[in-house]
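J.: Got a structure here, written out as structure tokens. Questions coming.
The values are calculated or read from the model by the stated rules, or taken from the named source; none is laboratory data. Just so it is clear, the structure is predicted and the values come from calculations on it, not from any experiment. Backbone-built Cβ (ideal geometry, glycine too); neighbour counts: all protein chains shown. For the accessible areas, the whole protein counts, side chains as well, though only heavy atoms, and no ligand, DNA or RNA atoms are used. Shrake-Rupley method; radii C 1.70, N 1.55, O 1.52, S 1.80 Å.
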Amino acid sequence: MSPMPQGAALQTEHADVVVVGLGVVGLSTTGALAHRGHRVVGIDRWGIGHPVTSSTGASRSIRLAYDDVRYVRLARAAFEGWHRLETAQDVTLLLETGQVDLGPDAKLEALAAAMHAGGAPFDELDASDVRRRFPELAVQTGERGLFHADAGTVLADAAMRALTTDAAAAGADLSMPERCVAIEVGSEAATVTTDRRTLRAERVVIAGGPWSGELLRMVGIEIPLAPAVAQVTFLEAPELVDRPGFVDWLREDRVGVYGHPVPGIGYKVAFDAASTEPWQPDVETWPPDLAEQVRLIAWLGERMPAIEPRVAFTQRHPWTMTPDGDFAIDRHGPIVVAAGCSGHAFKFGPALGALVADVAEGVSRNDLELFSLDRPAMRTGHASPSAPITR
């Protein structure tokens with residue numbers, strides 16, 4: 001669709017649902033609603049998988065290891081959704097090599113309890129077990145860990161292509177680049193004005209990633225969201241492609257680190273906190289933070305000393321924190337909020353699409369309280385852009 005000529009009247013079109021933002025959550029929601037028979041229009045300011053967005057890049061971690069059983073169940077549903085897409089399109093979207101979790105005893109015990117409650121099998125590891133699972137990972141005598149097999153890597157760029165194909169095949173109208181410039185809420189519907197047209201719909205899903213705060217303010221919704229810029233580093237380490245992913249969880253004396261294998265590249269590693277550099281809504285590229293890369297290489301020297309840290313490339317992209325690290329998914333009249341990825345949403349793509357679709361349709365679920373805009377953290381908390389990912 002070409003931009004409207006300057007001064008031309010905007011055409012009004014009608015849909016059941018308009019989804020603003022086609023990152024992994026918005027795109028998954030668009031497909032889920034289209035499969036349920038709704039007329040869905042999905043728009044994105046930049047384009048699906050654009051480097052400036054949160055849903056860009058080669059890979060993301062996927063795991064069942066969460067300290068809340070609701071996330072364990074959501075992750076299991078996500079695995080099912082990714083597998084359905086793999087089967088339907090004859091593509092590979094997941095590399096399932098498992099995951100090793102290291103960290104304070106209290107964190108490991110919380111992960112184990114939630115996985116047990118969610119029916120997710122796992123093994124408890126001593127230091128020698130960790131070395132057998134991941135020989136290149138250095139652990140101290142007496143250090144403990146967990147391993148679960150249903151974990152590894154989402155091939156993110158392939159996943160975004162598959163979600164796009166799925167939504168289009170279900171009949172969704174996907175339009176990009178198309179920027180939302182205004183949203184007006186009526187008693188029974190909402191009107192979205194873009195730089196190309198006017199769209200009227202019974203529901204409008206705002207899934208704008210770091211731009212969600214700006215979009216929500218258009219309809220009078222103010223919630224604590226803190227966009228930030230995160231950095232990930234891809235190592236040229238083909239010897240690690242069949243190794244598990246890992247999380248070395250936050251400790252009192254240091255920030256957490258996570259990693260996973262990436263076919264064709266080697267291994268991706270990153271700190272679990274964004275940089276202190278502020279996110280800017282109109283900046284399209286961020287140069288590498290070389291000081292952070294030096295700190296990460298120092299961590300590799302301590303935890304993976306046998307690996308020569310050959311950096312293939314470094315990538316920076318935004319994420320959006322909430323005060324408690326849980327997503328912000330709720331409905332206010334015709335507006336459905338799907339925001340606050342908090343650095344760990346991508347893995348849940350198909351499951352979050354189904355969840356947001358349920359919210360749009362008014363379907364009751366027992367996990368919605370976790371994401372409510374009325375939960376205490378969203379009413380009184382303050383989101384920090386550089387807060388660590390505690391989920």
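J.: What do you get for the angle between helix 290-303 and the principal long axis of the chain? Use alpha-carbon atoms, 0 to 90 degrees, nearest ten.
T.: Approximately 40 degrees, to the nearest 10.
J.: According to the square roots a ≥ b ≥ c of the eigenvalues of the Cα gyration tensor, what is the shape class of the range 216-340, taking rounded for a/c under 1.5, prolate for a/b larger than b/c otherwise, and oblate for the remainder? Don't skip to the end; give the middle numbers.
T.: On the way: a/c = 2.23, a/b = 2.09, b/c = 1.07.
Prolate, since a/c reaches 1.5 and a/b exceeds b/c.
J.: Follow-up. What distance in nm separates the simple spin-label points at Arg391 and Gln89, each placed 7 Å from Cα in the Cβ direction?
T.: 2.4 nm
J.: Follow-up question, since we're still on this one. To the nearest 10 degrees, how steeply does helix 24-35 sit against the main Cα axis of the chain, on a 0 to 90 scale?
T.: 60 degrees
J.: Gain in length, Ser384 to Val294, computed as 0.36 nm per residue apart minus the alpha-carbon separation, to one decimal in nm?
T.: So the chain would gain 30.0 nm between Ser384 and Val294.
J.: To the nearest Å, what is the center-to-center distance of the range 131-164 and the range 20-63, using C-alpha atoms only?
T.: Each part reduced to its Cα centre gives a spacing of 24 Å.
J.: Taking the Cα centre of the range 282-331 as the origin, how large is its charge dipole in debye, to the nearest 20, when only Lys and Arg (+1) and Asp and Glu (-1) carry charge on their Cβ atoms?
T.: That gives a dipole near 240 debye.
J.: Using a 1.4 Å probe, what is the accessible area per residue for the range 40-133, in Å²?
T.: 39 Å²
J.: Please give the FRET efficiency for Glu361 paired with Asp282, using the beta carbon to beta carbon distance and R0 = 35 Å, rounded to the nearest 0.05.
T.: Using R0 = 35 Å, I get an efficiency of 0.50.
J.: Lys/Arg Cβ at +1, Asp/Glu Cβ at -1, dipole of the range 260-386 taken about the Cα centre: which of Met304, Ala291, Val262 is farthest positive-ward?
T.: Met304
J.: Taking only protein heavy atoms and a 1.4 Å probe, what accessible area per residue, in Å², does the range 221-289 have with all protein chains in place? Intermediate values should be presented prior to the final figure.
T.: Details: 2740 Å² over 69 residues.
Here the residues of the range 221-289 average 40 Å² of exposed surface.
J.: Mind pulling the angle between the C-alpha long axis of helix 105-117 and the longest principal axis of the chain? Nearest 10 degrees, somewhere in 0 to 90.
T.: In the chain, helix 105-117 runs at an angle near 60 degrees to the longest axis.
J.: Here's another thing I want to ask about it. When ligands, DNA and RNA are left out and all protein chains stay put, how many square angstrom of accessible area per residue does the range 321-391 have with a 1.4 Å probe?
T.: On a per-residue basis, the range 321-391 sits at 34 Å².
J.: Follow-up question, since we're still on this one. Using the beta-carbon distance between Val255 and Glu222 and R0 = 30 Å, what value does 1/(1 + (r/R0)^6) give for FRET efficiency, to the nearest 0.05?
T.: Computed FRET efficiency for Val255 and Glu222 comes out at 0.50.
J.: Please identify the GluC sites (Glu not before Pro) of the range 164-197 that satisfy two criteria: DSSP loop assignment and at most 13 other Cβ atoms within 10 Å. Which are they?
T.: In loop regions of the range 164-197 (DSSP not H, G, I, E or B), the sparsely surrounded GluC sites (Glu not before Pro) are Glu188.
J.: On the protein heavy atoms, probe 1.4 angstrom, tell me the percent of accessible surface of the range 192-307 carried by carbon and sulfur.
T.: C and S atoms contribute 53 percent here.
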